[in-house]
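Notes for the one structure printed next.
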Amino acid sequence: MSDVNNTLDAVQIAAHGMVVDLADVLVRGHIKEHPSLIAFRLGVVSGAVDQVRTVVQAERHSGRWPRLAADPAAEHERERAVFAGHHCDCPYCPQAL
């Protein structure tokens, strides 16, 4: 299980860094860290996305799942609102930025 935990930790840290990088680009119009550091984080996140996307595609074609009645965009917006409404001073939480 430690391999799984290590992988999840690596992806979580890279994703958090990517959110900060995106904020820099959106707010400042440029990055604050060396492009090689950011590229490494993007590789970690992209690898995780690719791995999950592969399983999602396989599951969609498996016939195992019923048609989704909920609107994915609306569900995402509800989850975003809950996250945005929480308060945290943890240094790892984007809400503390």
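Checked against (1) of a type in the set (D, E, K, R); (2) assigned to a helix (DSSP H, G or I); (3) more than 17 Å from the chain's Cα centre (by Cα), LYS32 passes all but a single condition, namely (2). Restricting attention to the range 11-48, the residues that are open to solvent by 100 Å² or more (accessible area, probe 1.4 Å) and touching an Asp or Glu at 6+ places or on another chain (Cβ under 6 Å) add up to 1. Of the numbered criteria (1) in contact (Cβ under 8 Å) with a residue 60 or more places away in the chain; (2) open to solvent by 90 Å² or more (accessible area, probe 1.4 Å), the one GLN51 fails is (1).
Would you call VAL11 assigned to a helix (DSSP H, G or I) and either in contact (Cβ under 8 Å) with a residue 60 or more places away in the chain or among the aromatic types (Phe, Trp, Tyr) (or both)? So VAL11 does not fit the description; no. Whenever a residue of the range 17-40 is in contact (Cβ under 8 Å) with a residue 60 or more places away in the chain, its partners that are part of a helix (DSSP H, G or I), lying with C-beta atoms within less than 6 angstrom and at least six residues away or across chains, give the pairs VAL19/PRO94.
The values are calculated or read from the model by the stated rules, or taken from the named source; none is laboratory data. This structure is a prediction, so every number in the text was calculated from the model and none was measured. Note: ideal-geometry Cβ built from the backbone for every residue, glycine included; neighbour counts use all protein chains shown. Each accessible area value is taken on the protein alone, full model and side chains, heavy atoms only, with ligands, DNA and RNA left out. Shrake-Rupley method; radii C 1.70, N 1.55, O 1.52, S 1.80 Å.
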